[in-house]
Amino acid sequence: MLKKGLLAAAVIAFVTVFAIGGLQAGTDVADEFMMKSDYPHKKGIVKFTHKKHIDEYGATCGECHHDADNKPRNDLKMGDDVQKCIECHKKPGEVTKELKKEWKAKKVKKKEKDKLAREFHAEAVHDNCRTCHKAHNKKTKTKDAPTTCAKCHPKEG
Ligand code: HEC
Ligand code: HEC
Ligand code: HEC
Ligand code: HEC
């Protein structure tokens, strides 16, 4: 039984160190990364240039990150704890065709529909990326920020 006790102590020590380390380190984020949330993907995996968006495109933390009340997190600093979009926009992928039909039949209003749609992860993410990209392109009269599927989702070869 001594062995079991030792193992338990080791586990507790490990978990404690991990938890404290986690608190001190906040959430790490790479300069760029593949967006591959934890559900099956139909489209090519998108590469997101996190650092470039901040340093070169001038986006502020709060333009993408917000709290549970949808208040922009402009107080964020690198090293703070940051939740993933999917922790709140929990449903995988995009809205299903069936659900779209149901909403149409029920005559759900556009604003309410958009909100229900954003419970789906890909809809919330698309809304965020595309709204800014469209505004940017309109303002600069360019197509610098991608708005079409294939510009973000590479063709799988
Ligand atoms: C243009 C949009 C955008 C901007 C601006 C932005 N982020 Fe992010 N950030 C993201 C996205 C998208 C993710 C990936 C989230 C996911 O996978 O759900 C992310 C991830 C993170 C993560 C890692 C989260 C995790 O659990 O893996 C941290 C930390 C982070 N961002 C901090 C910041 C800070 C601090 C700023 C401001 C200095 C900032 N971000 C600005 C979009 C942005
Ligand atoms: C802590 C929970 C939480 C996290 C994490 C979160 N959201 Fe949200 N988000 C919400 C809530 C609540 C709303 C308001 C309900 C709605 O309108 O969909 C919202 C609204 C939105 C909206 C609509 C904004 C508007 O005002 O028109 C977009 C777009 C969005 N989220 C994208 C994202 C993206 C992208 C991420 C990750 C970078 C993210 N959210 C992370 C909770 C969260
Ligand atoms: C607040 C504004 C804003 C938001 C939000 C935003 N972007 Fe962008 N993004 C830009 C701008 C501006 C450019 C174009 C910069 C240029 O080339 O002049 C850009 C360019 C890009 C590019 C092409 C260049 C590169 O760096 O790879 C990709 C891909 C991209 N964004 C992906 C995303 C994704 C994915 C999201 C959502 C998770 C997102 N962006 C959210 C502003 C934004
Ligand atoms: C600005 C970049 C951008 C554009 C434009 C874009 N997407 Fe996405 N899309 C993303 C990101 C980022 C995700 C989230 C992936 C993740 O975190 O797993 C996503 C997720 C998805 C998903 C869920 C994951 C999967 O592969 O099944 C689908 C489906 C999807 N997009 C389809 C489309 C279609 C169709 C279009 C064109 C009408 C489109 N996207 C345009 C960036 C983009």
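The values are calculated or read from the model by the stated rules, or taken from the named source; none is laboratory data. If you're wondering where the values come from, they're calculated on a predicted model, not measured in any experiment. When we count neighbours, we look across all protein chains shown, and the Cβ atoms used for this are built from the backbone with ideal geometry, even at glycine.
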For segment 52-71, which residues satisfy the criterion of being in a loop (DSSP other than H, G, I, E, B) and either on the phi > 0 side of the Ramachandran plot or not polar (S, T, N, Q) (or both)?
GLU56, TYR57, GLY58, ALA59, CYS64, HIS65, ASP67, ALA68, ASP69, ASN70, LYS71
Can you find, within segment 127-157, the residue that is nearest to ligand 3 (Cβ to nearest atom) among those that are outside any loop (DSSP other than H, G, I, E, B), surrounded by fewer than 11 Cβ atoms within 10 Å (Cβ to Cβ) and basic (Lys, Arg)?
LYS139
Quick one: which residue in LYS36, LYS77 is loosely packed, with under 12 Cβ neighbours inside 10 Å, within 23 Å of CYS129 (Cβ to Cβ) and modelled with pLDDT under 95?
LYS77
Need the failing condition index for ALA145 against (1) within 12 Å of the chain's Cα centre (by Cα); (2) within 20 Å of ASP55 (Cα to Cα), just the number.
(1)
Every residue in segment 80-126 that is within 13 Å of ligand 2 (Cβ to nearest atom), surrounded by 15 or more Cβ atoms within 10 Å (Cβ to Cβ) and of a type in the set (Asp, Glu), please.
GLU123
Out of all the residues in segment 10-33, is one or more in contact with an Asp or Glu (Cβ under 9 Å, 6 or more places away or on another chain), surrounded by 10 or more Cβ atoms within 10 Å (Cβ to Cβ), part of a loop (DSSP other than H, G, I, E, B) and modelled with pLDDT under 95?
yes
Residues that are part of a loop (DSSP other than H, G, I, E, B), more than 16 Å from ligand 4 (Cβ to nearest atom) and of a type in the set (D, E, K, R), drawn from segment 72-104:
ARG73, ASP75, LYS77, ASP80, ASP81
Residues that are within 15 Å of ligand 2 (Cβ to nearest atom) and under 18 Å from HIS41 (Cβ atoms): does segment 144-153 have at least one?
yes
